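Step one of this worksheet: look at the structure below.
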Ligand code: NDP
């Protein structure tokens, strides 16, 4: 039996709370977030005596330490915003609690996300005998586990990795983001970046795109983006020659985004407005729909997976592993859309891996450094079944290799 504290009561927090409540292994759950009313609303929906709530401003580690000391959980699942990552890691170190998150740290004042800040905690977690699991949502998260699984069972060397992320859902709104708008827009307005031959190559934002076929969905225009798991996979997967990340956007989405950018609404520096300083992107977040509110009318599927090519027994091999997830099925099960669901379920699976001792070791880890087998064994039963396709034509043909 284990106790879990969840920080963040947004779309993902709702899924994590519901799925944790359904696990007999979690005897007590504390859901804490800045706006306690959102925790209480989720708790009413879950309706489990195991779940209680608390108000928490996680920017100050002392607040979190006080809650952790009082509740004494085995693990903290961070599904607040990337801005809180370091403060929550500090708090876990001080209170002696394992840590897991789904997105890497990003300083509020610069739109830049990278693992360096969190990897710098390696020694302190080792010395404290605590485990920190970074990026355990779907992407990052399952995409790293898929890659580790491919390397363990299908390849001697992985050379080419293309992570493909399609949301073919329709929420009926002209423009909305599927997770926190501020974080999402900061991510996709950055320069594109991919890894090739030991170096990082940069391209202007959203400048490279192509149609890619997705199972049960068909072809969708997909844009080359920088995504955080590329950084850790380039470090942790030996022999990788190229790693890229592709995400689908509709033409309407791209047009809205270009207009918002052109008029300055995606700026993250403060501007003076009627004697007050406001950050345009934060104001934009306030007027856009809450991602969780999209769930009720969302239809269609997401499809996220990894196209991999490399060598097995000296022969070229192709492999594709993916999950498709249906928005309205998620809503029926947990009152969430598929983006929140595909993030929240892997976070719960990762937390179970840690409390069961299967992924527990002192230090800071990305998911691909851990054994993928027990994680993938549990992922399907918890709601995200996955499919493997071996040596079939790939959208990334022909690549090599003589
Ligand atoms: P939401 O914006 O819906 O929820 C974020 C929650 O964090 C809100 O409840 C918010 O509180 C709370 N919060 C913000 N600041 C603080 C603070 N200082 N202290 C305590 N709580 C705080 O986001 P999502 O649920 O959509 O996303 C959650 C996380 O999941 C994000 O980090 C996102 O980047 C990540 N993610 C990861 C994905 C993956 O596949 N790896 C995919 C999608 C998302 P309040 O309600 O008061 O604002």
### Query
Could you count how many residues in the stretch 269-293 are closer than 22 Å to residue 81 by Cβ and modelled with pLDDT of 90 or more?
16
### Query
Within the set of pairs 6+ apart or on separate chains, which have a first residue in the stretch 90-114 that is more than 17 Å from residue 188 (Cα to Cα), a second that is surrounded by fewer than 15 Cβ atoms within 10 Å (Cβ to Cβ), and C-beta atoms under 6 Å apart?
95/69
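Looking at 56, 88, which one is buried (at least 21 other Cβ atoms within 10 Å of the Cβ), within 13 Å of the ligand (Cβ to nearest atom) and under 30 Å from residue 233 (Cα atoms)?
Details: 56 fails: under 30 Å from residue 233 (Cα atoms).
Being buried (at least 21 other Cβ atoms within 10 Å of the Cβ), within 13 Å of the ligand (Cβ to nearest atom) and under 30 Å from residue 233 (Cα atoms) holds for just one of 56, 88, which is 88.
Yes or no, residue by residue, for (1) buried (at least 22 other Cβ atoms within 10 Å of the Cβ); (2) touching a residue at least 24 places away in the same chain (Cβ under 8 Å); (3) assigned to a strand (DSSP E or B); (4) within 14 Å of the ligand (Cβ to nearest atom):
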{"position": "133", "(1), (2), (3), (4)": "yes, yes, yes, yes"}
{"position": "159", "(1), (2), (3), (4)": "no, yes, yes, no"}
{"position": "166", "(1), (2), (3), (4)": "yes, yes, yes, yes"}
{"position": "172", "(1), (2), (3), (4)": "no, yes, no, no"}
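Residues in the stretch 1-53 that are modelled with pLDDT under 95 and within 14 Å of the ligand (Cβ to nearest atom): how many?
2
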#### Entry: Criterion violated by residue 206 - all others in (1) part of a strand (DSSP E or B); (2) in contact with a helix residue (DSSP H, G or I) (Cβ under 8 Å, 6 or more places away or on another chain) satisfied
(1)
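Starting from residues that are near the ligand (Cβ under 10 Å from one of its atoms) and within 12 Å of residue 118 (Cβ to Cβ), keep the ones in the stretch 91-104 and report whichever is surrounded by the most Cβ atoms within 10 Å (Cβ to Cβ). Give the derivation first.
Taking the stretch 91-104 first, the residues near the ligand (Cβ under 10 Å from one of its atoms) are 101-104.
Those still in the list that are within 12 Å of residue 118 (Cβ to Cβ) too: 101, 103-104.
Numbers: 101: 29, 103: 27, 104: 22.
Out of the qualifying residues, it is 101.
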#### Entry: Of residues in the stretch 224-275 being part of a strand (DSSP E or B) and surrounded by fewer than 15 Cβ atoms within 10 Å (Cβ to Cβ), the one nearest to the chain's Cα centre (by Cα)
271
### Message
Tell me yes or no: at least one residue of the stretch 225-240 is within 16 Å of the ligand (Cβ to nearest atom), in contact with a helix residue (DSSP H, G or I) (Cβ under 6 Å, 6 or more places away or on another chain), farther than 30 Å from residue 157 by Cβ and in the same structural domain as residue 159 (by TED's automatic domain parsing).
### Response
no
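The values are calculated or read from the model by the stated rules, or taken from the named source; none is laboratory data. Source: prediction; values computed, not measured. All Cβ positions, even for glycine, are placed from backbone atoms using ideal geometry, and neighbour counts span all protein chains on display.
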